[in-house]
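For reference, the structure is listed below as structure tokens.
The values are calculated or read from the model by the stated rules, or taken from the named source; none is laboratory data. Just so it is clear, the model here is predicted, and its values are computed rather than measured. In this analysis, Cβ positions are derived from the backbone assuming ideal geometry, glycine residues included, and neighbour counts consider all displayed protein chains.
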Amino acid sequence: MRTTSSHTLVPGRRNGISSFGLIVLTGLLGGFLQTRAATLSVSPTAAPHTYSGMVTLQATGLQGGETVILRRWLDANGNGTWDANDLLTFELRLTDNSVPLLAGVTNWNQPFDQDPAAGQLRVPVNYGQPWLDHTIGTHIWELASPTGRFATVRQTQQFTNAPLGQGVTGVVRAAGTNLPAAVVVAIDLVKDGSFAAATLTDAGGRFQLQLPPGFYVLVPARPGWVTDLESPYMLGLGPGQSVPTELELLSATRQLSGRLVDASNPERALPGVFLQVESDTGLFAPAWTDGNGFFTVAVREGAWTIEPAFEDLHLHAVLFPSSEKERSFLTTTGSVAGVEVHVVPANAAFHGRVLDAAGQPLAGIRLRVSGQTGSDTYDGNDPITDDQGRYTGIVVGGTPSWWMLMVDPILNPRLTNHIASGFRFNQTVLPGQAIAQNIRVVEATNQITGTVRDPRGLSVLGIGVFGWADLGGETFYASGMATDPQGRYRMPVSGGPWQVQLSCDDLQDEGFNCAPASVILPPPGGAVLDFTVFPLPTPGLGSPRKVGPHEFQFEIHGEPFVTYQVQVSSDLRQWQNLIQVTPRMDGPAFVNTTVTDLNAGTSPRFYRLLRR
């Protein structure tokens with residue numbers, strides 16, 4: 001006799017539970033487990049504000065091919081947790097195992113999943129150069145589902161003051177009251193006005209910021225308040241110094257609001273982008289776009305321009321055209337709403353790697369990519385090499401177009417004793433074109449030094465000096481940084497001869513004509529090459545030199561694309577036309593500026609230059 005269980009097995013039922021009920025219960029349990037399954041980690045979890053490298057986000061518990069939203073918030077009020085008062089400083093949609101492409105090549109500016117396994121992410125984010133992402137304080141990373149499939153998860157990351165030995169301490173005030181949650185930014189005057197570091201004020205409005213020795217401008221900022229840039233706080237910081245200061249903010253009386261969108265698709269808004277809003281009277285106000293690209297910035301009466309930070313635009317593969325940069329919004333009669341700020345999607349690229357003399361990759365190198373397509377110029381597009389030395393310089397290609405790719409040691413202090421090859425100047429770039437270009441960096445073995453002065457012998461500060469030479473069939477470039485308060489520069493070189501040039505833009509910004517290049521072969525131990533520059537708007541002539549039995553030669557100091565008439569006289573009364581020239585820019589050089597008098601057999605000879 002065979003016995004059986006007391007439970008009756010009924011078709012369609014399992015241990016007293018209907019198959020339908022089991023399916024429902026399994027679905028509920030599965031959904032419950034899935035909502036709790038997503039995880040997020042960040043590495044490093046803590047670092048000094050001088051950190052240079054990759055920050056890696058890892059996520060698990062996802063579905064294969066799933067799209068997620070990755071965000072970063074700045075904990076403005078310093079409470080250590082996320083809340084509505086925090087600032088959205090990064091937002092990007094990522095898809096599992098999807099690579100962002102631009103003109104058919106990987107866009108290394110955009111973080112993406114580099115883990116081949118389905119359902120998990122490894123997303124390196126480039127922290128190679130200082131930016132607001134390095135702000136001293138707490139940053140909160142967030143992983144969210146656009147469909148709500150799993151619960152949002154968050155992880156904190158801390159940036160702290162590096163023990164540099166010197167810095168600035170102080171308070172940020174407004175209307176006699178200390179302000180908490182204000183950002184204090186240090187701008188490096190030696191590094192071409194680049195971002196150096198940032199910190200937040202505490203609940204008492206106090207801050208501390210450690211910096212390398214140097215010259216800085218401190219800029220306080222806080223949403224809802226206005227900064228006066230016409231009266232900046234200048235800081236000369238020596239080794240071991242601790243400098244106390246008070247920084248002031250102004251109250252706002254107006255609002256400027258709108259949205260940051262793709263010019264080709266206004267439905268595509270850009271979230272988490274920092275906006276620099278400035279008035280024609282030197283006022284500044286900060287803003288960040290929200291998750292839908294909207295912004296509201298507190299301002300005062302005046303004419304205001306809005307410029308998105310290129311560091312954030314890179315994440316979205318877009319550029320900011322000069323036509324938008326020049327737009328102003330008037331708040332003279334009240335607040336302004338409904339502003340639409342347009343960015344242009346990139347459609348072409350420079351790409352490659354930056355390598356040292358041994359072929360090893362150089363990480364954290366900031367390149368310069370700028371140019372013009374049609375009537376719009378695009379500057380400040382400076383990609384940063386990743387941990388493998390890879391970069392992507394995003395471009396708006398078209399016809400006509402002129403683009404530049406280079407490495408500037410001014411932006412890379414560890415390259416101040418190096419020269420580099422692989423630059424591109426006046427490069428035509430077409431839509432859909434990807435131009436491969438590696439850049440090679442080698443240590444210099446010699447130097448050229450000198451000064452830049454005006455005709456009275458006074459030193460000229462802040463003029464960029466650079467040079468180029470053909471070494472073994474390869475063109476190398478060097479930078480003398482920018483002239484110091486005594487007008488001095490030092491440019492590392494190797495071999496020669498070198499053509500040495502002053503930055504035409506810097507000269508014109510300081511009220512001087514452009515100056516032609518000089519050629520020099522530095523002997524062992526270095527060479528000295530001094531420049532004299534002439535004030536605008538009057539053009540200048542360099543000192544004549546004899547180059548033949550009856551030949552004098554001299555340089556013209558003028559403006560690019562302006563036509564000049566060179567005249568000659570023997571008595572300063574009767575003048576004859578000698579030659580008409582139009583100086584122009586050709587790559588990095590100011591050319592067509594050397595004039596030769598082939599009939600200088602009679603003496604005396606006087607020359608003058610007239611603008612036509």
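Worth pointing out:
- Members of the range 353-372 that are in contact (Cβ under 8 Å) with a residue 40 or more places away in the chain and either assigned to a strand (DSSP E or B) or not hydrophobic (A, V, I, L, M, F, W, C) (or both): Arg353, Val354, Leu355, Asp356, Gly364, Arg366, Leu367, Arg368, Gly371
- Scanning the range 480-494 for residues that are over 14 Å from Asp530 (Cβ atoms) and assigned to a strand (DSSP E or B) turns up Met481, Ala482, Pro492, Val493.
- Within the range 373-420, the set of residues being on the phi > 0 side of the Ramachandran plot and part of a strand (DSSP E or B) comprises just one member, Gly380.
- Screening the range 421-462 for residues that are in contact with a Phe, Trp or Tyr (Cβ under 8 Å, 6 or more places away or on another chain) and not in a strand (DSSP E or B) and picking the one that is nearest to Val395 (Cα to Cα) gives Val429.
- Within the range 279-300, the presence of at least one residue that is outside any strand (DSSP E or B) and of a type in the set (Asp, Glu) is confirmed.
- Residue match in the range 407-418 (condition: at pLDDT 95 or above, of a type outside the set (Val, Ile, Thr) and buried (at least 17 other Cβ atoms within 10 Å of the Cβ)): yes
- Residues in the range 343-352 that are assigned to a strand (DSSP E or B) and buried (at least 17 other Cβ atoms within 10 Å of the Cβ): Val343, Val344, Ala348, Ala349, Phe350, His351, Gly352.
- Subset tally (residues that are on the phi > 0 side of the Ramachandran plot and either hydrophobic (A, V, I, L, M, F, W, C) or crowded, with 19+ Cβ neighbours inside 10 Å (or both)) for the range 77-127: 1
- The range 463-475, subset part of a strand (DSSP E or B) and among the aliphatic types (A, V, I, L, M), residue farthest from the chain's Cα centre (by Cα): Leu471
- Residue count for the range 190-232 under the criterion of being polar (S, T, N, Q) and assigned to a loop (DSSP other than H, G, I, E, B): the result is 2.
- Count - residues of the range 577-597 that are outside any strand (DSSP E or B), in contact with a strand residue (DSSP E or B) (Cβ under 7 Å, 6 or more places away or on another chain) and modelled with pLDDT of 65 or more: 2
- Within the set Gly480, Gly473, Gly558, the sole residue that is buried (at least 20 other Cβ atoms within 10 Å of the Cβ), among the small types (Gly, Ala, Ser), closer than 29 Å to Leu405 by Cβ and free of Cβ contacts under 8 Å to residues at least 40 places away in the same chain turns out to be Gly480.
- Selection of the range 277-298 for residues being polar (S, T, N, Q) and either closer than 15 Å to Val336 by Cβ or not assigned by TED's automatic domain parsing to the domain that holds Thr331 (or both) yields Ser279, Thr296.
- Taking (1) out of contact with any Leu (no Cβ under 8 Å at 6 or more places or on another chain); (2) surrounded by fewer than 21 Cβ atoms within 10 Å (Cβ to Cβ); (3) at pLDDT 95 or above in turn, Glu142 satisfies each apart from (1).
Per-residue answers, yes or no, for (1) among the aromatic types (Phe, Trp, Tyr); (2) over 21 Å from Ser194 (Cβ atoms); (3) touching a His at 6+ places or on another chain (Cβ under 9 Å):
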position	(1), (2), (3)
Val261	no, yes, yes
Ala269	no, yes, no
Gly291	no, yes, no
Phe294	yes, yes, no
Val299	no, yes, no
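- Qualifying residue in the range 508-527 (condition: within 21 Å of Pro455 (Cα to Cα), among the aliphatic types (A, V, I, L, M), in contact (Cβ under 8 Å) with a residue 24 or more places away in the chain and not assigned by TED's automatic domain parsing to the domain that holds Val465): no
- Conditions (1) β-branched (Val, Ile, Thr); (2) touching a residue at least 40 places away in the same chain (Cβ under 8 Å); (3) outside any loop (DSSP other than H, G, I, E, B): number failed by Ile187: (2)
- Here Gly65 fulfils each of the conditions (1) crowded, with 20+ Cβ neighbours inside 10 Å; (2) on the phi > 0 side of the Ramachandran plot apart from (1).
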